[in-house]
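Undergrad: Quick one: the structure is below, questions incoming.
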Amino acid sequence: QVQLVESGGGLVQPGGSLRLSCAVSGSIFGFYVMGWYRQAPGKQRELVATLSSVGGSTDYAGFVKGRFTISRDSVKNMVYLQMNSLEPEDTAVYYCNIASARLTGGAIWGQGTQVTVSS
């Protein structure tokens, strides 16, 4: 069974950078979409970025404003979210996700990593 474990979160000042990592346990083939989501206290979980296995296309939420980059390393079975120019509004728990018709429930979620942006 595929499992995801996030890491790399922490406390950073406004304008700083963090790189989040998602370790993928198990193998996945065919079409799938990797995603990063986030959830702040009292708010709904929202999409941050996605990466498709078809051509490696990426999509980003409007609030990213060119600051974040999603990428993958197939050799290490890792997915990354590079975050630059962080703002206090980016404070949230960030989750890694895989969506695929080959998965029993259609999607797999990690347990999340906390990102706090504050001076």
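Undergrad: Name the single residue, out of those in region 59-78 being open to solvent by 60 Å² or more (accessible area, probe 1.4 Å) and part of a strand (DSSP E or B), that is nearest to GLU6 (Cα to Cα).
TA: ARG72
Undergrad: Still on this structure, I have one more. Would you please list the contacts, defined by Cβ atoms under 7 Å and residues six or more apart or on different chains, that run from a residue in region 41-70 that is on the phi > 0 side of the Ramachandran plot to a residue that is loosely packed, with under 15 Cβ neighbours inside 10 Å and in a strand (DSSP E or B)?
TA: none
Undergrad: Do the conditions hold for VAL24, that is, is it surrounded by 13 or more Cβ atoms within 10 Å (Cβ to Cβ), of a type in the set (A, V, I, L, M) and farther than 14 Å from LEU4 by Cβ?
TA: no
Undergrad: Looking only at region 79-101, filter to residues that are part of a loop (DSSP other than H, G, I, E, B) and hydroxyl-bearing (Ser, Thr, Tyr); which one of those is surrounded by the fewest Cβ atoms within 10 Å (Cβ to Cβ)?
TA: Taking region 79-101 and keeping what is part of a loop (DSSP other than H, G, I, E, B), we get 84-87, 91, 100-101.
Subsequent filtering for residues that are hydroxyl-bearing (Ser, Thr, Tyr) retains 85, 91, 100.
Numbers: SER85: 13, THR91: 17, SER100: 17.
The selected residue is SER85.
The values are calculated or read from the model by the stated rules, or taken from the named source; none is laboratory data. None of these values were measured; they are calculated from a predicted model. Methodologically, a virtual Cβ is constructed for each residue, glycine included, from the backbone with ideal geometry; neighbour enumeration extends over all protein chains shown. SASA here: full protein model, heavy atoms, side chains in, ligands and nucleic acids out. Shrake-Rupley method; radii C 1.70, N 1.55, O 1.52, S 1.80 Å.
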